[in-house]
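We did not get these values from a lab; they are worked out from the coordinates using the rules stated. The structure presented is a predicted model; accordingly, all values stated were derived computationally and were not measured. Here the Cβ is made from the backbone with ideal geometry for all residues, glycine too, and neighbour counts use every protein chain on show.
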Amino acid sequence: MPIKILPADSAFSKCVREAAGWKCERCGAQHQEKSMGLHCAHYMTRGNWGTRFDPDNVAALCYGCHSYLDSRPYEKADWFEKHLGVGLAQIVREKAKQPAYGIKKFKAEIAKHYREELKRLQSLRANGEGGKLKIVGY
């Protein structure tokens with residue numbers, strides 16, 4: 001059963017892609033802003049509410065890289081370990097195992113946070129900030 005895309009998921013995904021400058025973090029392919037070809041790819045699946053909206057748990061990946069890694073779980077784990085660093089990857093894995101009691105009742109606040117965060121990231125870009133931007137997590 002597919003996981004429903006919530007307004008919080010949509011806002012978070014936009015932040016991830018904006019922070020990456022609309023560039024695939026694996027192959028480097030540049031995408032147009034608002035392109036459907038660039039995805040917010042989760043290391044630990046979105047079903048893990050403890051890491052669903054964690055900026056350390058995601059990367060902006062093009063459709064091809066996202067599909068490739070999702071179909072090869074060991075390569076995906078290796079890639080994320082290199083991307084994040086072994087220590088941070090381990091922290092994300094541990095967070096994903098922890099229950100996230102009560103977080104679902106904050107969906108509206110999470111969406112609001114990431115809509116505001118997107119505005120901040122877009123402002124940084126408009127003012128000439130380049131490279132990967134840091135997302136302030138909820």
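Enumerate the amide H contacts of VAL58 below 5 Å, restricted to partners 5 or more residues apart or on another chain; note that Pro and chain-start residues carry no placed amide H.
Residues meeting the amide H criterion: TYR43.
Calculated from DSSP H runs of 4 or more alone, at -39500 (n - 2.57) each and per residue, what is the 222 nm mean residue ellipticity of the chain, nearest 500?
One gets -15000 deg cm²/dmol as the mean residue ellipticity at 222 nm.
Set the Förster radius R0 to 22 Å, insert the Cβ-Cβ distance between SER10 and VAL136 as r into 1/(1 + (r/R0)^6), and round the FRET efficiency to 0.05.
Taking R0 as 22 Å, the efficiency between SER10 and VAL136 is 0.80.
If all Cα-Cα distances of the range 76-124 are sorted into 10 Å bins from 0 onward, what percent lands in each bin, rounded to whole numbers?
22, 26, 43, 9
How high is the FRET efficiency between GLN30 and LYS112 when r is their beta carbon distance and R₀ equals 22 Å, given to the nearest 0.05?
0.15
Considering just Cα atoms, how many Å³ per residue does the convex hull of the chain enclose?
110
Using the Karplus curve 6.51 cos²θ - 1.76 cosθ + 1.60 with θ = phi - 60°, work out ³J(HN,Hα) for each residue of the range 77-85 in order, rounded to whole Hz, and write x for Gly and Pro.
Residue by residue, the range 77-85 yields 4, 4, 5, 5, 4, 5, 5, 8, x Hz.
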